[in-house]
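K.L.:
Here it is, the structure in full.
The values are calculated or read from the model by the stated rules, or taken from the named source; none is laboratory data. Here the structure is a predicted model, which is why all the values come from computation and not from measurement. Neighbour counts run over all protein chains shown; Cβ positions are idealised from the backbone, glycine included. Calculation scope for accessible area: heavy atoms of the full protein, side chains included, ligands and nucleic acids excluded. Shrake-Rupley method; radii C 1.70, N 1.55, O 1.52, S 1.80 Å.
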Amino acid sequence: MAEGKVDVSVEALAGVRLPAFWKQSPEYWFIHAESIFTTHRVNNLNTRVHFLVGALDEDGVRTVGDLLGPNASYDSLRTRLISAYGQPKSVRFRELVRPGGMGDRRPSQLLRDMRSVMPDGFGEDALKEFWLQKLPANIVAIISGFEGSLDSIATRADRVMEAANSHNIDAVAKDPIAELTNVVSSLAQQVQSMAKVVFAPQQSDRPSTQWTAQLATDLCYFHERFSNNARKCRPPCNFKSKSKEHTTPTPAEN
C-alpha cells in the first residue's frame with residue numbers, strides 16, 4: 001500500500017476478519033463491519049472496499065459489479081448493497097408479525113426486533129398483542145398474568161422459557177402462576193412414575209410358585225399336590241410316566 005500515508009500496518013490488516021455479508025440485515029452488517037474497521041484502525045476507504053468485496057458472495061459481487069474498479073467508492077458500494085438487500089421497515093414488520101414461531105430468538109430479542117421495525121404510530125399495546133402471538137402457548141399461559149413494562153415482561157419471559165426448556169420451573173417460582181406451574185409439573189411427573197409401575201409388564205423370567213413346582217418335578221400343579229387323587233391335569237405333565245399306579249391316561253377332568 002503506497003498512497004502517500006499508510007493508515008494501518010500490515011500486521012494489523014492481517015487481523016481483520018469480516019463475516020460473510022448478511023443479505024437479510026445489510027444495515028446491521030455494515031454497523032458490525034465498520035466497528036471492526038475502527039478497532040483495527042482501517043481508515044483508508046480503498047482498503048475497506050477490498051475487505052467489503054471479499055465478504056460478498058457471487059450474487060453480491062454481481063449486484064455491485066458495475067461499481068467495481070480502480071476508482072470504486074466504499075460509500076457507493078454501501079448504498080447499493082443496502083438498497084438492493086434492505087427491506088422497508090413496514091415489510092420487515094409484516095414478516096415478523098406473520099403467524100408462526102419465533103425461530104431461535106429469545107422473547108426479549110423478538111420484542112427488540114419487532115420494535116426496531118415498528119411503524120410510526122404503532123402503540124405498545126398493539127405491539128404486545130403481536131409479540132404474544134409469536135410466543136409458545138405454554139409461555140404465554142405463564143406470563144399473561146405478569147405486570148409491568150413490556151420490556152420487563154419480555155425479560156421475565158426469557159427466564160420462563162429457560163426454565164421450561166431445562167425443566168426447572170423453580171427459576172420463576174416467585175410468581176404465583178409459576179408456582180402453580182411448578183405444582184402441576186411435579187404432579188405430572190408423579191403420575192408418570194406411577195403409570196410406569198402400574199402398567200409395567202410382569203417379569204417373565206421369575207415363574208410363580210405353581211410353575212416353579214412344575215419345573216422342579218415335571219408334574220402339573222394338580223398331580224403335584226393331589227397325586228393319584230387329582231381330578232384334573234394340566235399339560236405338560238409326566239404323571240403317567242412316573243406313576244405305575246395309573247394304567248390309563250389321566251382324564252383332563254373327572
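K.L.:
Evaluate E = 1/(1 + (r/R0)^6) for E95 and S185, where r is the Cβ-Cβ distance and R0 equals 25 Å; express this FRET efficiency to the nearest 0.05. Write down the numbers at each step before the final one.
P.N.:
Values: r = 35 Å, r/R0 = 1.38.
Working from the Cβ atoms, E equals 0.15.
K.L.:
For A14 and I31, compute 0.36 nm times the residue count separating them, minus their Cα-Cα distance, and round to one decimal in nm. Walk me through the intermediate numbers first.
P.N.:
Values: separation 17, 0.36 × 17 = 6.12 nm, distance 2.05 nm.
Length gained, A14 through I31: 4.1 nm.
K.L.:
Compare D158, D75 by solvent-accessible area with a 1.4 Å probe and give them largest first, with all protein chains kept in place.
P.N.:
I get D75, D158, largest accessible area first.
K.L.:
A further question follows. Set the Förster radius R0 to 22 Å, insert the Cβ-Cβ distance between N71 and H50 as r into 1/(1 + (r/R0)^6), and round the FRET efficiency to 0.05. Present the calculation step by step, with values, prior to reporting the outcome.
P.N.:
Details: r = 14 Å, r/R0 = 0.62.
Computed FRET efficiency for N71 and H50 comes out at 0.95.
K.L.:
Grab the Cα-Cα distance for V140 and T79, subtract it from 0.36 nm times how many residues apart they are, and report the gain in nm with one decimal. Could you put the intermediate results ahead of the total?
P.N.:
Details: separation 61, 0.36 × 61 = 21.96 nm, distance 4.07 nm.
Extra length available between V140 and T79 comes to 17.9 nm.
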